[in-house]
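Just below is one structure, and these are the notes that go with it.
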Amino acid sequence: MAKPRVFSGVQPTGNLHLGNYLGAIRNWVKLQADYECIYCVVDMHAITVWQDPADLTRATREVTASLIAAGIDPEGSILFNQSRVPSHAETAWIFNCVARMGWLNRMTQFKEKAGKDRENASVGLFAYPNLMAADILAYQATHVPVGEDQKQHLELARDIAQKFNFDYGVEHFPAPEPLILGEATRVMSLRDGTKKMSKSDASDQSRINLTDSADDIAQKIRRAKTDPAALPASVEELEGRPEARNLYAIHAALGDETVADVVAAFAERQFSDFKKEMTERAVDRLGPLTAEMRRLMADPGHIDAILHRGAERANEIAAPILAETKRIVGFV
Ligand code: TYM
């Protein structure tokens, strides 16, 4: 039997951070064993907000290098950038005509990103989730590993698949399922445990980047916000302590443990102890990845060749699905 198909994407807007790694990419790597995996650097999503062209080019290569360094196998899996495969944009247009304004108006990420000045947001930013649905459904993918922040977009992708099938009386698109896996599905800022760790946070101290040196990592963890209470004796005691909860989740995920394991290991010890061990874990885990990424970045031609070949393979899957989509819609 054919393996079920996974699709996921990441935006090339600056460096990847620990949230991307623990919430998504680490799971992408694991899923390669049991699924047919298609992983995409979504450059078309990136330009929904302004990107300097040279920065976008560099970030696309850097993110690709990070994915390979993290363990994505560009031979076994398909790794490419979105703009090279026309099915994404073409399917997205059809979905622009399937999705309703009311559905998109409810998207919390749009509200957050557009802020108060909605009138000035790009149309692309508003239609962003339709393109995301197109990414997945252009391959008829059934499983989508993401962090928790993408859950609402995945629900929209399911609604679009269902409405398309209903309107045209077909069973063309499967309803894709989110795979939100591990102990760190929503990694929070190191400076504020109520805010998501994010590339767009003005403070670099708020996140650990996959390009950070061991010294940077140590310094950021040392300065990470905590609270004055003693280390928890049970998982319940983490409630109402967002910063401690976040550090425990990160430490657990980095070591493939549960938060309960970490609570047991540190009961009656000090935050300083905890932070020392957390730093060791983060450096052990990320150090080799950073080194490998730097090595790959020294040969951008090799990275471009991987993206080129990945796009060819992606297109082989997507082209016949798009042809069928167009036939269903009635395009001659
Ligand atoms: P992006 O580029 O913001 O993030 C890539 C992946 O990282 C996860 N993530 C996090 N997980 C835990 N904690 C965090 N603080 C954190 N920050 C980010 C995201 O959930 C995501 O899985 N719209 C998507 C990209 C996309 C996509 C797709 C994903 C485009 N098309 C199709 C899946 C399927 C995005 O902006 O992810």
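Counting only helices (runs of 4 or more DSSP H) that fall entirely inside the range 242-332 and contain at least 3 residues that are modelled with pLDDT of 95 or more, in contact with a strand residue (DSSP E or B) (Cβ under 9 Å, 6 or more places away or on another chain) and surrounded by fewer than 18 Cβ atoms within 10 Å (Cβ to Cβ), the qualifying elements are 300-329. Does A121 fit the bill of being in the same structural domain as I25 (by TED's automatic domain parsing), away from the ligand (no atom under 15 Å from the Cβ) and among the small types (G, A, S)? Yes: the conditions hold for A121.
Looking at the range 207-234 only, could you name the residues that are within 15 Å of the ligand (Cβ to nearest atom) and either farther than 30 Å from A46 by Cβ or assigned to a loop (DSSP other than H, G, I, E, B) (or both)? Within the range 207-234, R207, I208, L210, A224 meet the criteria.
For the range 26-44, how many residues are of a type outside the set (D, E) and in contact with a strand residue (DSSP E or B) (Cβ under 7 Å, 6 or more places away or on another chain)?
Keep residues of the range 26-44 that are of a type outside the set (D, E), which gives 26-33, 35, 37-42, 44.
Checking which are in contact with a strand residue (DSSP E or B) (Cβ under 7 Å, 6 or more places away or on another chain) leaves us with 27-28, 31, 35, 37-42.
Result for the range 26-44: 10.
Within the span defined as the range 128-139, every residue fails to be more than 20 Å from the chain's Cα centre (by Cα) and surrounded by 21 or more Cβ atoms within 10 Å (Cβ to Cβ). Looking for something of a type outside the set (V, I, T), buried (at least 21 other Cβ atoms within 10 Å of the Cβ) and in contact with a Ser or Thr (Cβ under 6 Å, 6 or more places away or on another chain) - is there at least one such residue anywhere in the range 213-236? Checking the range 213-236: not a single residue is of a type outside the set (V, I, T), buried (at least 21 other Cβ atoms within 10 Å of the Cβ) and in contact with a Ser or Thr (Cβ under 6 Å, 6 or more places away or on another chain). Of the listed requirements (1) open to solvent by 20 Å² or more (accessible area, probe 1.4 Å); (2) hydroxyl-bearing (S, T, Y); (3) at pLDDT 95 or above, S189 misses just one: (1). Residues in the range 147-172 that are open to solvent by 10 Å² or more (accessible area, probe 1.4 Å) and of a type in the set (A, V, I, L, M, F, W, C): F166, V170.
Can you find, within the range 78-99, the residue that is most open to solvent (accessible area, probe 1.4 Å) among those that are hydrophobic (A, V, I, L, M, F, W, C) and within 15 Å of N315 (Cα to Cα)?
As a first pass, look at the range 78-99 and keep what is hydrophobic (A, V, I, L, M, F, W, C): 78-80, 85, 89, 92-95, 97-99.
Adding the requirement that they be within 15 Å of N315 (Cα to Cα) leaves 78-80, 85, 89.
Values: I78: 11, L79: 2, F80: 0, V85: 2, A89: 53 Å².
Top of the filtered list is A89.
Scanning the range 168-206 for residues that are touching a strand residue (DSSP E or B) at 6+ places or on another chain (Cβ under 9 Å), over 21 Å from T226 (Cβ atoms) and not in a loop (DSSP other than H, G, I, E, B) gives E177, P178, L179. Residues considered: N165, N130. Of these, the only one that is at pLDDT 95 or above, among the polar types (S, T, N, Q) and within 11 Å of the ligand (Cβ to nearest atom) is N130.
Tally the residues that are more than 23 Å from L67 (Cβ to Cβ) and open to solvent by less than 50 Å² (accessible area, probe 1.4 Å), restricting the search to the range 193-204. Before you say what the answer is, go through the steps one by one.
Going residue by residue through the range 193-204, those that are more than 23 Å from L67 (Cβ to Cβ) are 193-195, 202-203.
Still in the running and open to solvent by less than 50 Å² (accessible area, probe 1.4 Å): 193, 203.
Number of matching residues: 2.
The values are calculated or read from the model by the stated rules, or taken from the named source; none is laboratory data. Every value quoted in this text rests on a predicted model; they were computed, and no experiment measured them. Glycine also receives a Cβ, built like all others from the backbone with ideal geometry; neighbour counts cover every protein chain displayed. In case anyone asks, the SASA skips ligands and DNA or RNA and just uses the protein heavy atoms, side chains included. Shrake-Rupley method; radii C 1.70, N 1.55, O 1.52, S 1.80 Å.
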